[in-house]
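Remarks on the structure that follows.
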Amino acid sequence: MASLVLENYIEDLCIDFSDKEDKYMKLKLPDELIFIKNGREAQKKSTESMSGKLCVITGATSGVGLEALKKLAKGGAHVVMVCRNLEKAEGICRNIKATWNIDIDIIIADFSHLDEVRKAAKVIIENYPKIDVLINSAGLHSTKRTYTSEGIEMVFCVNHLAPFLFTNLLINRLKESAPARIIQVNSEGHRFNGLNLEDINWKKRHYTGLRSYGASKTAQLLTVWELADQLKGSKVTINALHPGDVRTNIGNNNGWLYKWFLHNVTWHFLKDPIISGEAIYYLASDPEINDVSGRFFNLTIDEKPAIHALDPFKGKRIWEISMQMTGLYLK
Ligand SMILES: NC(=O)c1ccc[n+]([C@@H]2O[C@H](COP(=O)([O-])OP(=O)(O)OC[C@H]3O[C@@H](n4cnc5c(N)ncnc54)[C@H](OP(=O)(O)O)[C@@H]3O)[C@@H](O)[C@H]2O)c1
């Protein structure tokens, strides 16, 4: 998310006082901007095997999720792909199997339909007695305000409500499988905020793509802290990560001008999503973080999120709102 202008600004801030007595004294970056430095740091890698582990992953037909799928396959995991496009998933599945010869299954669910999320969770519970890792990567960025058939703002539904529902429906199976891990693919984009508890559905405000994306990711982060609290002592961990600023298909659903800018300008500053796959694999497998829960990682670096995403009052409220909107309170 960091623009070049912003990065240069930061470089300027890190003045080297080489002519002063303390040769290496540098101005410290404020917390709000540390994510730029973290994104450039050397990242950790896991060499753990995932053989014998069952991993459920959404959004594995493209970008970040696809790279995570490849790493999991290389690590020998049994993978369940939850995705909306059967043809695309089958093609990927064939390639993965041909290269790594792992067990890989496909379950179809469009995350803009909460009923499909419920059905997918039911199929998983009926067919898989153990889940070691759940990775929610499906997501989108939309410059236009649209609504699902249930009347929920699309980005909020796919990025937050659907994975919230999916995770909660699988939570008992994850607990039975403990130790288990949940990874929510979040974003530095949460820093755009946009979450208004009085107007979750963007009916009263001017809608922008960045703010609605920020709202969905902020809501997700707040519920990660809440669920981490609830899971204390269960040996099920939940963490969120920013998967890097990487070249994927995100935003390709938007208009031609947006796409032109994305592919001709922004693209040059983005990295290969291989780094996202590596980071997710680290969070999914590395023993170093066996007991780490309720944290936000910039790739593999533990980072402080924006202050608005740490508000405990908002956390409680968004949890209740999400429970109501997904019908989980009625269960
Ligand atoms: N790229 C970045 O720089 C970046 C930065 C920060 C965070 N992220 C996050 O990374 C995650 C993955 O995004 P990406 O960059 O990999 O984008 P992407 O290449 O567009 O992949 C998005 C994935 O989500 C799936 N998806 C989208 N809408 C869906 C729906 N309604 N139901 C089910 N699946 C749906 C897509 O399925 P199809 O293949 O069928 O379209 C695809 O598998 C998102 O949560 C995003 O917010 C990305």
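The values are calculated or read from the model by the stated rules, or taken from the named source; none is laboratory data. Fair warning: this is a prediction, and the values are worked out from it, not measured in the lab. Cβ coordinates were reconstructed from backbone atoms using ideal geometry, including for glycine residues, and neighbour counts include every protein chain displayed. SASA here: full protein model, heavy atoms, side chains in, ligands and nucleic acids out. Shrake-Rupley method; radii C 1.70, N 1.55, O 1.52, S 1.80 Å.
So the values come out like this:
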{"quantity": "Convex hull (Cα only) mean projected area of the range 134-239, reported in nm² to one decimal", "calculated": "6.6 nm²"}
{"quantity": "Neighbourhood net charge (12 Å Cβ-Cβ; Lys/Arg +1, Asp/Glu -1) for Lys316", "calculated": "-2"}
{"quantity": "Anchor Lys175: lysines whose Cα lies under 24 Å away (excluding residues fewer than 8 positions away in-chain)", "calculated": "Lys53, Lys119, Lys122, Lys130, Lys232, Lys235, Lys316, Lys331"}
{"quantity": "Per residue value of the accessible surface for the chain (all protein chains in place, 1.4 Å probe), Å²", "calculated": "48 Å²"}
{"quantity": "Percent carbon-and-sulfur accessible area, the range 240-308, ignoring ligands, DNA and RNA, probe 1.4 Å", "calculated": "60 percent"}
{"quantity": "By average C-beta atoms within 10 angstrom, highest first, the peptides 280-286, 128-134", "calculated": "280-286, 128-134"}
{"quantity": "Computed magnitude of the charge dipole of the chain (debye, nearest 20; Cβ of K, R +1, Cβ of D, E -1)", "calculated": "660 debye"}
{"quantity": "Charge context of Ala180, other residues only, Cβ under 11 angstrom, K/R +1, D/E -1", "calculated": "+4"}
{"quantity": "Separation in nanometres of the label points that stand 7 Å from Cα toward Cβ, at Leu33 and Asp103", "calculated": "5.1 nm"}
{"quantity": "Charge dipole (debye, nearest 20) of the range 96-171; +1 at Cβ of Lys and Arg, -1 at Cβ of Asp and Glu", "calculated": "120 debye"}
{"quantity": "Heavy-atom accessible surface of the range 120-223: percent carbon and sulfur, 1.4 Å", "calculated": "52 percent"}
{"quantity": "Cα-based equivalent ellipsoid, the range 94-181: semi-axes from gyration tensor eigenvalues, Å", "calculated": "26, 17, 12"}
{"quantity": "222 nm mean residue ellipticity, helices alone, for the chain (DSSP H n ≥ 4; -39,500 (n - 2.57); rounded to 500)", "calculated": "-12500 deg cm²/dmol"}
{"quantity": "Label point at Thr47 placed 7 Å out along Cα→Cβ; residues across the range 70-108 whose backbone nitrogen lies under 19 Å", "calculated": "71-77"}
{"quantity": "Hydrodynamic radius by Kirkwood, which averages 1/r over all alpha carbon pairs of the chain, in angstrom", "calculated": "20.4 Å"}
{"quantity": "The range 182-252 shape via C-alpha gyration tensor axes, a/c threshold 1.5", "calculated": "oblate"}
{"quantity": "Residues whose placed amide H lies under 5 Å from that of Val80, excluding near-sequence neighbours", "calculated": "Cys55, Val56, Ile57, Asp105"}
